[in-house]
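Novice: Mind looking over this structure? Questions follow.
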Amino acid sequence: MAAGRSLATDGQKHVGLVRCIRAGGHDDTVSDAAIVGIIGLAVSAVIALGQTILANRRHAAELRHSRALGDRAELREVLDTAAQIIRRAMWGIDGIRAAFSAGDYDSIVQTAREGQRLAEDAALDNGRIALRLGREHEVYKRHDELMNVFIEMVQELMTTLPNASRNMSLSDDAQPPNDSKRT
């Protein structure tokens, strides 16, 4: 019975508090401690909600930041690969010129084969640059332009070879023709 009376008394206090709040005044049946307790609960709830909102915003900002860092790291990798391909293309052209000057047509054909593989790598890398920066970006345009110049130079050099060497397939499994003029 004591518990039932206690619940009824608490219920009466609650009803009194609600009436007091609605009336905008103070009711003697509601203690100041009860008012402070309810206000404290309300303030705690608002603070907890605010902390949750701020934590979610902070987390979203951290995700955006880490995504941006990852994108930059991958872009650096793509550009580094592009720079390596361009450097290898320059060395390839130098190798073809040196072999051409020396009359070493087998080396020219081998270097041209390597140039074909390099052109394939460049095409893949161009695709990665286009995905990261877009086809309108100057880096993409310049890389594409340089690789096209490289391919044109290899093709032009191949057309200047003697007929026997020029007609050789550039595939890896091709065998050089049996030419008695070459040593």
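The values are calculated or read from the model by the stated rules, or taken from the named source; none is laboratory data. Predicted model, so just to flag it, every value in this text is computed and none were measured. Note: ideal-geometry Cβ built from the backbone for every residue, glycine included; neighbour counts use all protein chains shown.
Novice: Say we look at the stretch 143-170 and pick out the residues that are in a helix (DSSP H, G or I) and closer than 17 Å to A98 by Cβ; which of these is modelled with the lowest pLDDT? Quick ask: steps written out before the conclusion?
Specialist: First pass over the stretch 143-170, keeping only residues in a helix (DSSP H, G or I): 143-159, 163-166.
Adding the requirement that they be closer than 17 Å to A98 by Cβ leaves 150, 153-154, 156-158, 165.
On the way: F150: 79, M153: 77, V154: 72, E156: 77, L157: 71, M158: 69, S165: 51.
Among those that are in a helix (DSSP H, G or I) and closer than 17 Å to A98 by Cβ, it is S165.
Novice: Still on this model: I'm checking my understanding of the structure. Among residues of the stretch 111-159 that are of a type in the set (G, A, S) and over 30 Å from L69 (Cβ atoms), which one is surrounded by the fewest Cβ atoms within 10 Å (Cβ to Cβ)?
Specialist: First, the residues of the stretch 111-159 that are of a type in the set (G, A, S): 112, 115, 119, 122-123, 127, 130, 134.
Then keep just the ones that are over 30 Å from L69 (Cβ atoms); that gives 112, 115, 119.
Working: A112: 21, G115: 25, A119: 17.
Here the answer is A119.
Novice: If you don't mind, another one. Answer yes or no: is there a residue in the stretch 93-101 that is acidic (D, E) and within 17 Å of L146 (Cα to Cα).
Specialist: From the stretch 93-101, those acidic (D, E) are 94; that's our starting set.
Those still in the list that are within 17 Å of L146 (Cα to Cα) too: 94.
Yes; the residues of the stretch 93-101 include at least one that is acidic (D, E) and within 17 Å of L146 (Cα to Cα).
Novice: So is T52 in contact with an Asp or Glu (Cβ under 8 Å, 6 or more places away or on another chain), modelled with pLDDT of 85 or more and either under 13 Å from F150 (Cβ atoms) or among the polar types (S, T, N, Q) (or both) or not? If you could, list the steps in order and put the result at the bottom.
Specialist: Values: in contact with an Asp or Glu (Cβ under 8 Å, 6 or more places away or on another chain): no; modelled with pLDDT of 85 or more: yes; either under 13 Å from F150 (Cβ atoms) or among the polar types (S, T, N, Q) (or both): yes.
Judged against the criteria, T52 is not a match.
Novice: Here's something else I'd like to know. Could you tell me how many of the residues in the stretch 62-99 are closer than 20 Å to G134 by Cβ and polar (S, T, N, Q)?
Specialist: Total satisfying the criteria: 1.
Novice: Six or more apart or on different chains, Cβ under 8 Å: which pairs go from a residue in the stretch 123-146 that's closer than 19 Å to A73 by Cα and in contact (Cβ under 8 Å) with a residue 24 or more places away in the chain to one that's of a type in the set (V, I, T) and surrounded by fewer than 17 Cβ atoms within 10 Å (Cβ to Cβ)? Could you list them?
Specialist: Listed pairs, sorted by first residue: D125/T81; R128/T81; I129/V139; L133/V139.
Novice: Let me ask something additional. Being part of a helix (DSSP H, G or I) and within 30 Å of E152 (Cα to Cα) narrows it down to one of A33, A82, A61, so name that one. Break it down into steps so the answer makes sense when it comes.
Specialist: Details: A33 fails: within 30 Å of E152 (Cα to Cα); A61 fails: within 30 Å of E152 (Cα to Cα).
Testing whether each residue is part of a helix (DSSP H, G or I) and within 30 Å of E152 (Cα to Cα) leaves just A82.
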